[in-house]
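Student: Pasting a structure below so you can have a look.
The values are calculated or read from the model by the stated rules, or taken from the named source; none is laboratory data. All values derive from a computational prediction rather than experimental measurement. Here the Cβ is made from the backbone with ideal geometry for all residues, glycine too, and neighbour counts use every protein chain on show. For the accessible areas, the whole protein counts, side chains as well, though only heavy atoms, and no ligand, DNA or RNA atoms are used. Shrake-Rupley method; radii C 1.70, N 1.55, O 1.52, S 1.80 Å.
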Amino acid sequence: MNSHRFRLLAPLATTLYNLLLLFVVYQLARVVYLLVNYSYFEQGLTTSHLLEMLAGGLVFDTSAILVTNIPYIVLMLLPWQVSACKPYQLLCRWLYLIVNGLALAVNLCDAVYFRYTMRRTTTTVFSEFSNESNLGSVFLTETLRHAYLLVLFALMMWGLYKLYRESGVKSREFKWWHYSLATLLSLVVLAPFVVAGIRGGFTTAVRPITISNANQYANRPVEATLVLNTPFSLYRTIGKDVFVVPAYYTDPQELKSIYHPEHFPNDSTAGDTCFTKKNVVVLIVESFGREYIGALNHSLEQGRYQGYTPCVDTLISKSITFTHSFCNGRKSIDGMPSILSSIPMFVEPFFLTPASMNHVSGIASLLSDEGYQTAFFHGAQRGSMGFMAFARSTGFQEYYGREDYDADKRFGGDDDFDGMWAIWDEPFLQYYATKMSEMKEPFMTAVFTASSHHPYVIPKKYEEVYPEEGIIIHKCIRYTDMAIGKFFQKVSKEPWFKNTIFVLTSDHTNLSDHEYYQTDLGGFCSPIIIYEPGREPEMQDKIAQQIDILPTVMGMLHYDKPYFAFGIDLLNTPAEETWAVNYLNGIYQYVKHEHVLQFDGQKSIGLYALSDSLMKKNLLLESRGERSEVRGYMERELKAIIQQYMERMTQDKLSVER
């Protein structure tokens, strides 16, 4: 009787079995992809690394397989007795073979197309070739040239056909409501697993995976294509024609003369000064907006402003800071590229676009080439937020996350986990300091903290030390500030301390209770603090932004080679030439010439004096010629920045050819 009842689970069991077959097919297609293009992958390819990439590919295969087969899963588990009939099962079988045959076909075709693009095909391929009339002949030629792929396709499809299983349940084997209830429950139970598989995981720390996450398993950008599969790349870019190149300037030389993101030694060095191999340490502090920092707000509210960062205030008294400083995005995934690779967020987070597969340089890769040891630290699980993938793709040799912290017996292990996101800031920053002291100089490291974040809690032992005040994030800011203070206390005793450049900034801003920081521009106000022990502190009257961090650090090191950065070297650029840019709900905001310009991509919609902190007076509504002139040259410069950005994103030109 029990075995008879278990027969009610036959539709679920056969559905899972048939889905598992597809994992074999996807991995075989990946092996074919590798063999067809082996010369592109053989450099540094070891058995262990290949296995790492194949294992990583399972994550993307799961997502693609589930998206592709949602109609099949639903049809197999629909709660009606008709689904047990032979004709219905035959329909499901052919649906399965057709949709997965198409998925296999695009995977195999991409094995050929890869060498032309060095990336997995995305939906941009349709617009790329929309005006071509010879695609039929091209496809036919390549098909004949790679006829063996047709044979492989036929063999794999034959295998799927032969190995496919039907449920085997007879339509009258059970009472109709028994069968319907069993299939309904199967569908309900399976649904959350399907959603998690498509997203890339269950936990709150996992965002829906994108093509950039493949870099987590790759040592080189080109290897990410092996980790991915083409159906996944297509699905993740449907309807996401993110970067459209405007035709503001038709003359490349004119465009270059207005704005050019390639930097050369004379831009930032004294010419006769040699490259100085100082250590570089970058602290990216979660949600640590400028609003919370007392030392940067003395003039706010006629001096009555209350700060929440006594430790960082002390650090600022020894550092270089700027009268105006901004982040280039409003999310953590915007902050990473801005700070470490000098890439601002325009339209969509760089992480989430096909351009994330471009060849991208950064502080880590530039300094790795000079013999630096590089490492990235984030107290969340590996893969969280896509940070590991981005860090690895931009030159960080090592990555230390929650698992690595847990494995280090000198620290508290998972007892220090905050229960939601990551290891608490205080112990993780101590771990960070300890690990740096074990690195060989010169080194370049970055850490991304986590505690000053929703759900805005702090360790129980500090709940009375930092009680609720103001808004809910303030206690978290105080806790993180304390952790930063203890970090600097520890590293100041290390022999490498005086030979180090420290940079502290936030990934983005967060909750606000000051009107000034709630404006379109105020919402981007982040600290940029540069601390070099022994250097005179100074508050410079300049406009700074996250994308300036890379070129500024390169300037401080007297780096003597060309490099790519959308930002500028703040310390070697006159105040009147400093600027900032960000993107908010379809509007570009450009800060320069003591003004803020708002531009929708076609026309300017707002112009405000930078001193108009509440942005109450739109100067475009005035008819004065002076305002028109300011708008004119600001719009001219901003258009050049946008066009350079879009062209380089779409043409894979985010690094300097040497």
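Student: Evaluate the charge dipole of region 504-569 about its Cα centre and quote only its size in Debye, nearest 20, assuming +1 on the Cβ of each Lys and Arg and -1 on the Cβ of each Asp and Glu. Intermediate values should be presented prior to the final figure.
Tutor: Numbers: 3 positive and 11 negative charges, 50 e Å.
The dipole of region 504-569 has a size of about 240 debye.
Student: Report the calculated FRET efficiency for Glu536 and Glu577 (r = Cβ-Cβ distance, R0 = 22 Å), to the nearest 0.05. Provide the component values of the computation, followed by the final result.
Tutor: Values: r = 22 Å, r/R0 = 1.01.
That pair, Glu536 with Glu577, gives E of 0.50.
Student: Towards the positive end of the charge dipole of the chain, with charges on Cβ (+1 Lys, Arg; -1 Asp, Glu), say which of Leu181, Leu610, Ala147 has the farthest Cα.
Tutor: My answer, from the dipole projection, is Leu181.
Student: How far, in nm, would the chain grow between Tyr17 and Glu464 when pulled straight, counting 0.36 nm per residue and subtracting the alpha carbon separation? The partial results should precede the final answer.
Tutor: Values: separation 447, 0.36 × 447 = 160.92 nm, distance 5.46 nm.
Difference between extended and current length: 155.5 nm.
Student: Would you work out which of Asn358, Met388, Gly413 lies farthest towards the positive end of the dipole of region 298-442, given +1 charges on the beta-carbon of Lys and Arg and -1 on that of Asp and Glu, about the Cα centre?
Tutor: Selected residue: Asn358.
Student: Which value, in debye to the nearest 20, gives the size of the charge dipole of region 509-611 about its Cα centre, when Lys and Arg are +1 and Asp and Glu are -1 at the Cβ? Please list the in-between numbers first.
Tutor: Values: 5 positive and 14 negative charges, 63 e Å.
About 300 debye.
Student: Quick one: angle between helix 86-117 and the longest Cα principal axis of the chain, in degrees between 0 and 90, rounded to 10, please.
Tutor: Around 40 degrees separate the two axes.
Student: Determine the shape class of region 519-658: with a ≥ b ≥ c the square roots of the Cα gyration tensor eigenvalues, call it rounded for a/c under 1.5, and otherwise prolate if a/b is greater than b/c, oblate otherwise. Don't skip to the answer; put the middle values down first.
Tutor: Working: a/c = 2.19, a/b = 1.36, b/c = 1.61.
Judged from the Cα gyration tensor, region 519-658 comes out oblate (a/c at least 1.5, b/c at or above a/b).
Student: Related question: From the list (1) 217; (2) 205; (3) 239, can you say which value of volume of the Cα convex hull per residue in Å³ was derived from the structure given?
Tutor: Evaluating volume of the Cα convex hull per residue in Å³ on these atoms matches (2).
Student: By DSSP, what percent of the beta bridges with both residues in the chain are antiparallel, rounded to the nearest 5? Write out the running numbers ahead of the final one.
Tutor: Values: 26 of 54 bridges.
DSSP beta bridges in the chain are roughly 50 percent antiparallel.
Student: Just order 533-542, 579-588, 452-461, 492-501 by mean Cβ neighbour count inside 10 Å, highest at the front, would you? Walk me through the numbers before you get to the answer.
Tutor: Values: 533-542: 13.0, 579-588: 18.9, 452-461: 16.2, 492-501: 14.5.
Those peptides, ordered most packed to least, come out 579-588, 452-461, 492-501, 533-542.
Student: Out of the total accessible area of the chain (probe 1.4 Å, heavy atoms of protein only), what percent is carbon and sulfur? Walk me through the numbers before you get to the answer.
Tutor: On the way: 16310 of 28220 Å².
Accessible surface attributable to carbon and sulfur in the chain totals 58 percent.
Student: Could you state the angle between the C-alpha long axis of helix 10-36 and the longest principal axis of the C-alpha atoms of the chain, as a value from 0 to 90 degrees rounded to the nearest 10?
Tutor: 60 degrees
Student: Report ³J(HN,Hα) in whole Hz for each residue of region 536-552, in order, from the Karplus equation J = 6.51 cos²θ - 1.76 cosθ + 1.60 where θ = phi - 60°; Gly and Pro get x.
Tutor: Along region 536-552, the couplings run 4, x, 6, 9, 8, 7, 9, 9, 10, 8, 4, 5, 7, 5, 4, x, 5 Hz.
Student: Here's another thing I want to ask about it. Below 8 Å, C-alpha to C-alpha, sequence gap of six or more: please give me the relative contact order for the chain in percent.
Tutor: Numbers: 1137 pairs, mean separation 115.8, N = 658.
Across the chain, relative contact order equals 18 percent.
Student: List the trypsin sites (Lys or Arg not before Pro) in region 278-344 that DSSP assigns to loop (not H, G, I, E or B) and whose Cβ has at most 12 other Cβ atoms within 10 Å. Which are they? Could you put the intermediate results ahead of the total?
Tutor: Details: sites: Lys278, Arg290, Arg304, Lys318, Arg330, Lys331; in loops: Lys278, Arg304, Lys318, Arg330, Lys331.
Here the sparse-neighbourhood loop sites are Arg304.
Student: Once fully extended, how much extra length lies between Arg636 and Glu441, figured as 0.36 nm per residue of separation less the alpha-carbon to alpha-carbon distance?
Tutor: Working: separation 195, 0.36 × 195 = 70.20 nm, distance 4.41 nm.
Computed gain between Arg636 and Glu441 is 65.8 nm.
Student: In nanometres, what is the gap between the two model label sites at His514 and Asp600, each 7 Å from Cα along Cα-to-Cβ?
Tutor: Roughly 3.2 nm, to one decimal.
Student: For the peptides 420-430, 640-650, 190-200, 545-555, what is the packing order when you average, over each peptide's residues, the other Cβ atoms within 10 Å and list the highest mean first? It would help to have the intermediate numbers written out before the result.
Tutor: Numbers: 420-430: 24.2, 640-650: 19.9, 190-200: 15.8, 545-555: 27.5.
Packing order, densest peptide first, comes out as 545-555, 420-430, 640-650, 190-200.
Student: To the nearest 0.05, how large is the calculated FRET efficiency for Ala407 and Ala147 if R₀ is 51 Å and r is the Cβ-Cβ distance?
Tutor: On the way: r = 50 Å, r/R0 = 0.99.
Approximately 0.50, to the nearest 0.05.
Student: Ok, one more. Sort 35-48, 589-602 by the packing proxy (mean of other Cβ within 10 Å over each peptide's residues), most packed first.
Tutor: With the highest mean Cβ count within 10 Å placed first, the list reads 589-602, 35-48.
Student: Another question, if that's okay. Counting only heavy atoms of protein chains, what accessible area per residue, in Å², does the chain have with a probe of 1.4 Å? Each step should come with its number before you reach the end.
Tutor: Working: 28220 Å² over 658 residues.
Per-residue accessible area for the chain comes out at 43 Å².
Student: Treat each spin label as a single point 7 Å out from the Cα along the C-beta direction, and report the Ile472 to Glu348 distance in nm.
Tutor: Placing both labels 7 Å beyond Cα along the Cβ direction yields 3.0 nm.
Student: Dipole of region 480-545 (Lys/Arg Cβ +1, Asp/Glu Cβ -1, origin at the Cα centre): which of Pro495, Ser506, Pro533 lies farthest to the positive side?
Tutor: Pro495
Student: Separate question: How large is the charge dipole for the chain, taken about the Cα centre, if only the Cβ atoms of Lys, Arg (+1) and Asp, Glu (-1) carry charge, to the nearest 20 debye? Don't jump to the answer; show the numbers that get you there.
Tutor: On the way: 57 positive and 67 negative charges, 576 e Å.
So the magnitude is around 2760 debye.
Student: Under a plain spin-label model, where a point goes 7 Å from the Cα along Cα-to-Cβ, how far apart in nm are Glu262 and Gln489?
Tutor: 5.0 nm
Student: Relative to the longest principal axis of the chain, what angle (0 to 90°, nearest 10) does the C-alpha long axis of helix 176-199 take?
Tutor: Computed tilt is about 30 degrees.
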